[in-house]
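Just below is one structure, and these are the notes that go with it.
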Amino acid sequence: MLPYARQSVDESDVAAVARAVTDPYLTTGPAVTRFEADLAGWTGGNPAVAVTSGTAALHTAYAAAGVGPGQDVVTTPFTFVATAATAALLGARVVFADVEEATGCLDPAAAAAAVTPRTTVVTAVDYAGAPADMDALRQVADGAGALLLEDAAHSIGTTWRGRPVGALADLTTLSFFATKNLTTAEGGAVVSTSPDLLARAAGFRNHGLVRDPARQRWPDEGPWHQEVHSFGLNYRLPDVLCALGSSQLRRLPAFIARRAELSARYDAALADVAEVTLPSRPHDADVAWHLYPARVPEEARRALFEHLRAAGVGVQVNYVPAHWHPVFADLGYRRGEFPVAERWYRQELSLPLFVGLGDADVDRVCDLVRGFFSG
Ligand SMILES: *Cc1c(COP(=O)(O)O)cnc(C)c1O
């Protein structure tokens, strides 16, 4: 079976993990700080707080933004459910807004129509790696007095109008899950352009513990004293995984280059298959591609999915619209409310895309797709 995604782990990664696992610090040690500094090299220098997953990063970012009951979070339904679920868990109302036809990313006009005085965060998702229209979304967020959050689980390394992901939003979240563009097995990070938001994220990741006597209410308690001023969780990414992350970051330029090559190979090989709509290539962005999201006629999508799976090709559908999940349906969200996102979902088929995929694999997948439509 050709997988749809697979991590790339080489000897340099193995050596980095082997060193880290015998270090005195397994967690909360120097490899964490090092990984966070290495990440900042990708985000225009904006600092990062490493956490245990992309989902934890979203939860932490919303907590840092002060999201809670009585507030609205405006976001796209065309995403993995965690983008919305983490805001709902904090008690906010999730207000979905439709996506753009070309990119599948949050439509600034739809977001502008969805914001209210209760909106405190507007959350975009860089679908497949291509950036949302961050300049227009910045205007929408500023106009509403809301923070702009970018779920960049797909897009570390992407630049938009010359600026890197991590420098485009008030808060940016990353995922290092095994299928993503770099991996720490499970892991994620929050990046922020605001020192205040970043400090709040760092606090939430570590139980909200305050160790600095200057900030404590009862600093005279003793040298062991630490106190909690607001609730948090343990979302700390251990040193062993941070060491893997730093090693993977050194390889990220090569990962991005190979993904771009493979993506271009799909484009070329599928260009003459009339039924397939290729991913659009935004010209004001330099995209680190995470997915290869082909679109096919919706009446053919399921049969093509089964045809490819039966031929041993791992394909995937990204994503079931978030508002279709029963947990949101039970809150009153209805199918048909977001027609562009729902059409994207009905037509979408992610073809295998990962660093170890061979040119011949791409050609075989494309032959199978062509054969399906001509057969
Ligand atoms: C993967 C992903 C997440 C969640 O990240 P995990 O590390 O799996 O928790 C969130 N949003 C999007 C768009 C993702 O692709």
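If you go through segment 130-162 and keep only what is within 18 Å of Trp289 (Cβ to Cβ) and either within 12 Å of the ligand (Cβ to nearest atom) or polar (S, T, N, Q) (or both), you end up with Ala132, Glu150, Asp151, Ala152, Ala153, His154, Ser155, Ile156, Thr158, Thr159.
Number of residues in segment 61-80 that are outside any loop (DSSP other than H, G, I, E, B), over 14 Å from the mean Cα position of the chain (by Cα) and in contact (Cβ under 8 Å) with a residue 60 or more places away in the chain: the value is 4.
When the test is whether a residue is within 16 Å of the ligand (Cβ to nearest atom) and over 28 Å from Arg250 (Cβ atoms), Ala124 passes it. Scanning segment 54-111 for residues that are of a type in the set (Val, Ile, Thr) and within 11 Å of the ligand (Cβ to nearest atom) yields Thr55, Thr75, Thr76, Thr79, Val81, Thr83, Thr86. Candidates in segment 184-208 are the residues that are within 16 Å of Gly66 (Cβ to Cβ) and of a type in the set (D, E, K, R); of these, the one that is farthest from the ligand (Cβ to nearest atom) is Asp196.
For beta carbons closer than 8 Å, sequence separation of 6+ or different chains, a first residue in segment 6-18 that is surrounded by 12 or more Cβ atoms within 10 Å (Cβ to Cβ) and a second that is modelled with pLDDT under 95, there are no qualifying pairs. Checking the stated criteria, Val340 turns out to be touching a residue at least 12 places away in the same chain (Cβ under 8 Å), in a helix (DSSP H, G or I) and out of contact with any helix residue (DSSP H, G or I) (no Cβ under 8 Å at 6 or more places or on another chain).
Against the conditions (1) surrounded by 24 or more Cβ atoms within 10 Å (Cβ to Cβ); (2) hydrophobic (A, V, I, L, M, F, W, C); (3) touching a Phe, Trp or Tyr at 6+ places or on another chain (Cβ under 7 Å), Val49 satisfies every one except (3).
Can you say whether Thr43 is crowded, with 22+ Cβ neighbours inside 10 Å, out of contact with any Pro (no Cβ under 8 Å at 6 or more places or on another chain) and hydroxyl-bearing (Ser, Thr, Tyr), as far as the supplied structure shows?
Values: crowded, with 22+ Cβ neighbours inside 10 Å: yes; out of contact with any Pro (no Cβ under 8 Å at 6 or more places or on another chain): no; hydroxyl-bearing (Ser, Thr, Tyr): yes.
No.
The values are calculated or read from the model by the stated rules, or taken from the named source; none is laboratory data. Given the structure is predicted, the values throughout are model-derived calculations rather than measurements. Don't worry about glycine lacking a Cβ; one is built from the backbone with ideal geometry, like all the others, and counts go over all protein chains shown.
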